[in-house]
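Contents: one structure, followed by commentary.
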Amino acid sequence: MNIQIIYSRKHLLHHPKWEIFYGKKISHSEQPGRIESITKSLQQIGINKFTTPETFSLKEIYKIHQKNYVDFIKNSCKKLKNEETLYPSFFIIDTYTPLQKGTFLSARESVNCALTGAKLLLNNENLVYSLCRPPGHHAESNKMGGYCYFNNAAIAAQYLSNLGKVVILDIDFHHGNGTQRIFYDRKDVFYISIHADPVKIFPYFSGFLDETGVGEGKGYNKNFPLSLGTGEKVYKKTLEITLNIVKNFNPKFIVVSAGFDTYINDPIGGFKLTIPFYKAIGKEIKSLNIPTLIIQEGGYNIKDLGKLAVSFLEGLAT
Ligand code: OKP
Ligand code: ZN
């Protein structure tokens, strides 16, 4: 398989214990085992060489996030003791996104994974998979939420946009409210998302059909909300529509916000996609023949996550 994988062990420093759901503490879905499931499956198919990310300047993060927000996370984490959890009361949109001592380092390294992947595309690589964790697409310029702190895909897309037009194709089960908002008034970075109808599913306030961009960005944001229970037929049709939009826009790069929580057995998802279907999704994206950066977002069935990733890559890379 002709693909570069970017991986860092620093994601292990972030291991949230609980989220607050309707006032109750429940176990947290976004666990380190997610990425370890993926690396294990990659090794089983003979991909043993993972690239360690380069460390980029915080300036790359400040291009997307407000400095006082980044500093807030950095300083809050520094003050925490080893097993301590903080749910801040500002710079946050929900009760699912805790800070721990290691969160800043993990989140920053997750950005480094994304940027290292982006840099490889600039050096003529065609396909890179950045094993980002924590995920990023819910993070706004000064808000954390939905298990996300820094918007990895947005920071990578910003970096790539210096060289040409970029499409961010978000196939996570949830709408990427952060990414949408960040590029809402821009026409050089086109955000397209297929996700569960926000009337029923997080983030609830964003991801509707009529959100199409503002100012210069009008027409360069497209949402495809689908009902709970959506299966492969409808999903495939929707994906084909989005890929036609990508073709017409003719971007220099594609950033895929890849969430595997659209899987039928995902514990917090609600679509009905099966393991082999991810290969079909990969194939469709590959057929565009545009340099592609895959950014890991969600996907919470730890047992099957690796199989989902491998299926996707088989479609993309073979
Ligand atoms: C992050 B990503 C279930 C409610 C929590 C938050 C979902 C965040 C998803 N216990 N909902 O887009 O995969
Ligand atoms: Zn998700």
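The values are calculated or read from the model by the stated rules, or taken from the named source; none is laboratory data. Since this is a predicted model, take the numbers as computed values, not measurements. FYI the Cβ positions are ideal-geometry reconstructions off the backbone, even for glycines, and counts take in every protein chain you see. These accessible areas exclude ligands, DNA and RNA; they are computed on the full protein's heavy atoms, side chains included. Shrake-Rupley method; radii C 1.70, N 1.55, O 1.52, S 1.80 Å.
Mind listing just one residue for me: the one in segment 148-173 that is among the hydroxyl-bearing types (Ser, Thr, Tyr) and in contact (Cβ under 8 Å) with a residue 60 or more places away in the chain and, of those, nearest to Ile245 (Cα to Cα)?
Taking segment 148-173 first, the residues among the hydroxyl-bearing types (Ser, Thr, Tyr) are 149, 159, 161.
Keeping just the survivors that are in contact (Cβ under 8 Å) with a residue 60 or more places away in the chain gives 149, 159.
Details: Tyr149: 29, Tyr159: 22 Å.
That would be Tyr159.
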**Study point:** Lone qualifier among Lys101, Lys119 - being touching a helix residue (DSSP H, G or I) at 6+ places or on another chain (Cβ under 8 Å) and over 29 Å from Ile26 (Cβ atoms)
**Key:** Lys119
Practice item. Any chance you could count how many residues in segment 223-256 are assigned to a strand (DSSP E or B), under 23 Å from Ile268 (Cβ atoms) and among the hydrophobic types (A, V, I, L, M, F, W, C)? Key: 3
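Look at Arg181 and say whether it is open to solvent by 20 Å² or more (accessible area, probe 1.4 Å), of a type outside the set (Ser, Thr, Tyr) and within 16 Å of ligand 1 (Cβ to nearest atom). Please lay out each step first, then the result.
Details: open to solvent by 20 Å² or more (accessible area, probe 1.4 Å): yes; of a type outside the set (Ser, Thr, Tyr): yes; within 16 Å of ligand 1 (Cβ to nearest atom): yes.
Yes: the conditions hold for Arg181.
If a residue must be among the small types (Gly, Ala, Ser) and over 18 Å from the mean Cα position of the chain (by Cα), how many such residues does segment 163-208 contain? Before you say what the answer is, go through the steps one by one.
Step one: of segment 163-208, the residues among the small types (Gly, Ala, Ser) are 164, 176, 178, 193, 196, 206-207.
From what is left, the residues that are over 18 Å from the mean Cα position of the chain (by Cα) are 164.
Within segment 163-208, residues that are among the small types (Gly, Ala, Ser) and over 18 Å from the mean Cα position of the chain (by Cα) number 1.
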Review point. When both residues are 6+ apart or on different chains and their Cβ atoms are under 7 Å apart, which pairs have a first residue that lies in segment 288-303 and is under 22 Å from Gly145 (Cβ atoms) and within 12 Å of ligand 2 (Cβ to nearest atom), and a second that is open to solvent by 10 Å² or more (accessible area, probe 1.4 Å) and among the aliphatic types (A, V, I, L, M)?
Key: Tyr300/Ile268
Check your understanding: Do you know which residues across segment 145-165 are hydrophobic (A, V, I, L, M, F, W, C) and within 12 Å of ligand 1 (Cβ to nearest atom)?
Key -> Cys148, Ala153
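Taking Ser110 as the residue in question, decide whether it is touching a Gly at 6+ places or on another chain (Cβ under 8 Å) and of a type outside the set (D, E, K, R).
yes
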Review point. Taking segment 13-39 on its own, how many of its residues are more than 9 Å from ligand 1 (Cβ to nearest atom), surrounded by 16 or more Cβ atoms within 10 Å (Cβ to Cβ) and not β-branched (Val, Ile, Thr)?
Key: 9
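From the list Gly117, Gly176, Gly145, pick out the single residue that is of a type outside the set (Phe, Trp, Tyr), closer than 22 Å to Thr39 by Cα, in contact (Cβ under 8 Å) with a residue 40 or more places away in the chain and open to solvent by less than 10 Å² (accessible area, probe 1.4 Å).
Details: Gly176 fails: closer than 22 Å to Thr39 by Cα; Gly145 fails: closer than 22 Å to Thr39 by Cα.
Within the list Gly117, Gly176, Gly145, the selection yields Gly117.
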Point to revise | Qualifying position, being more than 13 Å from ligand 1 (Cβ to nearest atom) and either surrounded by 20 or more Cβ atoms within 10 Å (Cβ to Cβ) or touching a residue at least 24 places away in the same chain (Cβ under 8 Å) (or both), among Asn244, Asn250 | key: Asn250
Review point. Of (1) in contact with a Ser or Thr (Cβ under 6 Å, 6 or more places away or on another chain); (2) part of a helix (DSSP H, G or I); (3) more than 23 Å from Arg9 (Cβ to Cβ), Tyr69 satisfies all except one. Which?
Key: (1)
Review point. Quick one: is Glu211 part of a helix (DSSP H, G or I) and not small (Gly, Ala, Ser)?
Key: no
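It is to be established whether one or more residues within segment 189-206 are in a loop (DSSP other than H, G, I, E, B) and among the basic types (Lys, Arg). Give the derivation first.
First, pick out the residues of segment 189-206 that are in a loop (DSSP other than H, G, I, E, B): 197-206.
Filter once more, keeping what is among the basic types (Lys, Arg): 200.
Yes, segment 189-206 has at least one match.
Of all residues in segment 40-51, which are in a loop (DSSP other than H, G, I, E, B) and surrounded by 14 or more Cβ atoms within 10 Å (Cβ to Cβ)? Give the derivation first.
Of all residues in segment 40-51, those in a loop (DSSP other than H, G, I, E, B) come to 45-50.
Of everything in segment 40-51, those that are in a loop (DSSP other than H, G, I, E, B) and surrounded by 14 or more Cβ atoms within 10 Å (Cβ to Cβ) turn out to be Ile47, Phe50.
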Exercise for review: Identify the residue in segment 287-310 that is small (Gly, Ala, Ser) and away from ligand 1 (no atom under 16 Å from the Cβ) and, among all such residues, is least open to solvent (accessible area, probe 1.4 Å).
Suggested key: Gly306
